[in-house]
1. Hey, any hits in the range 19-34 for a residue that's within 31 Å of the chain's Cα centre (by Cα), in a loop (DSSP other than H, G, I, E, B) and within 16 Å of ligand 1 (Cβ to nearest atom)?
2. Being under 10 Å from SER97 (Cβ atoms) and either among the small types (Gly, Ala, Ser) or near ligand 1 (Cβ under 10 Å from one of its atoms) (or both) is the filter here; which residues of the range 179-208 pass it?
3. When the residues of the range 117-134 are filtered to those that are under 20 Å from the mean Cα position of the chain (by Cα) and of a type outside the set (A, V, I, L, M), which remaining residue is surrounded by the most Cβ atoms within 10 Å (Cβ to Cβ)?
4. Cβ-Cβ below 6 Å, separation at least six or inter-chain, first residue in the range 74-88 and free of Cβ contacts under 8 Å to residues at least 60 places away in the same chain, second assigned to a helix (DSSP H, G or I) and among the β-branched types (Val, Ile, Thr): which pairs?
5. Of all residues being within 22 Å of GLN120 (Cα to Cα) and surrounded by 12 or more Cβ atoms within 10 Å (Cβ to Cβ) in the range 237-253, which is nearest to ligand 1 (Cβ to nearest atom)? Just the residue, please.
6. Given the condition outside the structural domain of LEU249 (by TED's automatic domain parsing), away from ligand 2 (no atom under 16 Å from the Cβ) and polar (S, T, N, Q), answer yes or no: does some residue in the range 13-21 qualify?
7. Check off (1) surrounded by 22 or more Cβ atoms within 10 Å (Cβ to Cβ); (2) under 23 Å from ALA137 (Cα atoms) for LEU200 and give me the number that stays unchecked.
Amino acid sequence: MPPPVLVPAPTGPLTIARGSDPAVKLSLVIPTFNESKNVGTLIGQLHGLLQGPLEGKYELIVVDDDSPDRTWEVALKCAEADPRVRVIRRQGERGLSTAVIRGWQAARGEVLAVMDADLQHPPEVNVGLWAEMARGADLAAGSRHVEGGGVSNWSLLRRMLSRGAQLLGLLILPGVLSRVSDPMSGYFMVRRSALDGVTLDPLGYKILIEVLGRGHIKWVSEVGYVFRERVEGESKVTGKLYIEYLLHLLKLRRDTLWRSSFFRFCVVGTTGVAVDMGLLYLLSDPRSLGLGLTRSKILAAEAAIIWNFLLNDAWTFGERSAKAPGVRAKLRRFLGFNAICTAGLALNVGLLNLLFNLGHVNRYLANAVAILAVTGWNYWLNRQLNWAPVRSEE
Ligand code: GDD
Ligand code: MN
């Protein structure tokens, strides 16, 4: 048998091709930098664990960034023993997240996965993750923060940094970070089709938030694991990675703003103001129908509520409405929306009077504050009550 050769490192845009090789169910990428003492042990354990559940239809792709300790050579030795091990030695591009994606670009399996090489991710958790993917999940993530999860004796500082990073993420990207209990995890599997047509553009270490932010991920599953102590080598995490993580969050926020339901809710609300104003003119202006102001306002406001409901039901919360089809369900959502927005109107008038009459705030500033407060009220209540999240499993 010819000696194994290095797989050429894919280049160009970070997109994942369609289609997979039926002979490969799972492609597990193992990014390495100075892991020569760990990668051979891990690969041996993975063969023992994956052979059964996957009937041997898997591949392990080591993506090494030209490690000074020549990790890629150790991996090539493993490839000699078993051709299901494939090795990429990158000599230009660097970085954990792009290493993972380049590995996925060279992958042939329908399910793509990633885990650390340093034995801090218990290899046996792959079996649980694979079981979730076999049940139909789009993404199955290892988590330290669910039952069966945890970290070995991390310092208080490391725990605070990890949790702090998570809270920051929940502030900037709530719709993404809230989908998993451990968005910092680098141990997960994702269905190739969930990345179809997506160009990834990560920064730093956190590949999971990149996939959740840009992928078509509906069904998310989690499997608990205990993040172990590293035995050989050392962590490559530096302060720079925390800056990169923040920049990554902001970049994802900018690129996915149009997908955020709150952004869409505000866009719809703005069009609703135009409908309200237009109808108020049409109904009450002396140059038009000249009806009474209050009657015109009530009709205009109700028309705007109906307009906003139809757009929010179809676009803002379209994915959730689709899970509760039918006229009765739609009518129930409309009545709920109407009630919340009418209550919001009363809150708007009350807040405006409070700020203007008691707080002596300029009327237009007071009105703007009242509108902003009521927009938050309307969005949050409608999202939680009318378009309540259906369990993420199909
Ligand atoms: N190819 C490549 N290039 N691999 C890298 C690079 C890089 O620049 N930097 C790190 N790695 C590899 C390491 O060799 C290891 O296999 C894995 O990525 C994790 O690196 P560590 O340096 O061990 O990170 P950690 O132990 O602090 O783990 C943190 O990051 C992991 C990756 O996101 C934790 O947040 C883990 O939950 C997370 O999985
Ligand atoms: Mn590690």
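The values are calculated or read from the model by the stated rules, or taken from the named source; none is laboratory data. Values in this document were obtained by computation on a predicted structure and should not be read as measured data. When we count neighbours, we look across all protein chains shown, and the Cβ atoms used for this are built from the backbone with ideal geometry, even at glycine.
1. Checked against the condition, which is being within 31 Å of the chain's Cα centre (by Cα), in a loop (DSSP other than H, G, I, E, B) and within 16 Å of ligand 1 (Cβ to nearest atom), the range 19-34 yields at least one hit.
2. Within the range 179-208, GLY186, GLY204, TYR205, LYS206, ILE207, LEU208 meet the criteria.
3. Taking the candidates together, the pick is TRP130.
4. From the range 74-88, the pairs are VAL74/VAL39; ALA75/VAL39; CYS78/ILE43.
5. It comes out as VAL237.
6. yes
7. Result: LEU200 fails condition (1) only.
Yes/no matrix, rows are residues, columns are (1) buried (at least 21 other Cβ atoms within 10 Å of the Cβ); (2) more than 14 Å from ligand 2 (Cβ to nearest atom); (3) of a type in the set (Val, Ile, Thr); (4) in the same structural domain as TRP130 (by TED's automatic domain parsing):
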| site | (1), (2), (3), (4) |
| --- | --- |
| GLY164 | no, yes, no, yes |
| LEU168 | no, yes, no, yes |
| LEU171 | no, yes, no, yes |
| PRO174 | no, yes, no, yes |
| SER178 | no, yes, no, yes |
| SER181 | no, yes, no, yes |
| VAL190 | yes, yes, yes, yes |
| LEU208 | yes, yes, no, yes |
| VAL223 | yes, yes, yes, yes |
